Amino acid sequence: MIRLERRGSIGVLTLDKARGNAIDPPLVEALIEAARQLGGDGEVRGVLLASAHPKLFSPGLDLVTLAEFDRPAMERFMLRFAEMVWALYVLPKPLLAAVSGHAIAGGCILALTADWRVLLQGAQIGLNEVKVGVPLPWSVTVLLKASVPPHALPRVALLGRNFTDEEALGVGLADELAVAEGFRETAVARLEEFAEKDPASFAGIKSALREANLASMRAEESARLGSWLEGWFSQATQARIRATVASITKK
């Protein structure tokens, strides 16, 4: 599911789940717990969020599992998904996403919780929810607006495009590109640059920068979830989900 390791003062949180780290309830719970542990470990100065899969960071939600959920179950899952986003977003120490493979939809969301995103050259990153037929959850909307410049929002959110390389940098989905050789070392070196800062100062500045966004997420997520659920359970979206699940399970 996930591997949590310590390498000196760096905590390495590695996604290592079937179906390329597709996000399901156990993974959400594991990430919430990992964020709690890492946030409270005074020996950890920075956290690397990485993937064990060579070509995938995460493809997003685990449709094979979630397609079976009824509305109450899906509502419970999405509320916990939001809590996972909050937990990673406000981690009181540097969080760097080492995006070594495609990060689509929920995979992109995981990356957006980080303070810095290193993207492998050639890897795709993007939010395709509009193509699936669901709105962005409220917390994700807030997260996206905090990460992407206004001029790029139509391409990212309304067209649902995936981006690579310089385009990903230009729309704010990545902060840095790296080649495959030495990718992990590049990511760790950047994280160490963050981690060498005074921990209390870093945590205080990060909290101040993000507290208004977090307050908006927490205040409105539940109230706005109904419209997301309407999209998810619409006939057209359910048909797309079933077709996607059929294609996945044939492989």
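The values are calculated or read from the model by the stated rules, or taken from the named source; none is laboratory data. Worth saying up front: this structure is predicted, and the values here are computed from it rather than measured. Neighbour counts are summed over all protein chains in view; Cβ atoms, including those assigned to glycine, are modelled from backbone coordinates with ideal geometry. Heads up: the accessible areas ignore ligands, DNA and RNA and are worked out on the full protein's heavy atoms, side chains in. Shrake-Rupley method; radii C 1.70, N 1.55, O 1.52, S 1.80 Å.
A few comments on the model shown:
- Test: residue in segment 200-216 that is polar (S, T, N, Q) and open to solvent by less than 60 Å² (accessible area, probe 1.4 Å): yes
- Check on Ala246, under 22 Å from Glu129 (Cβ atoms) and not in a helix (DSSP H, G or I): no
- Members of segment 239-251 found to be touching a residue at least 12 places away in the same chain (Cβ under 8 Å) and more than 23 Å from the chain's Cα centre (by Cα), listed by number: Arg242, Thr249
- So Leu48, is it assigned to a strand (DSSP E or B) and closer than 16 Å to Arg6 by Cα: yes
- Summed over segment 199-251, residues that are farther than 28 Å from Val44 by Cα and out of contact with any Ser or Thr (no Cβ under 7 Å at 6 or more places or on another chain) total 32.
- Qualifying residue in segment 17-31 (condition: surrounded by fewer than 19 Cβ atoms within 10 Å (Cβ to Cβ) and touching a His at 6+ places or on another chain (Cβ under 8 Å)): no
- Odd one out for Gly20 among (1) modelled with pLDDT of 95 or more; (2) in contact with a Pro (Cβ under 6 Å, 6 or more places away or on another chain); (3) not aliphatic (A, V, I, L, M): (1)
- Which listed residue, of Ala157, Ala174, is part of a loop (DSSP other than H, G, I, E, B), surrounded by 13 or more Cβ atoms within 10 Å (Cβ to Cβ), among the hydrophobic types (A, V, I, L, M, F, W, C) and within 21 Å of the chain's Cα centre (by Cα): Ala174
- Candidate set: segment 95-145, residues that are open to solvent by 10 Å² or more (accessible area, probe 1.4 Å) and of a type in the set (S, T, N, Q); chosen: the one nearest to Ala67 (Cα to Cα): Asn128
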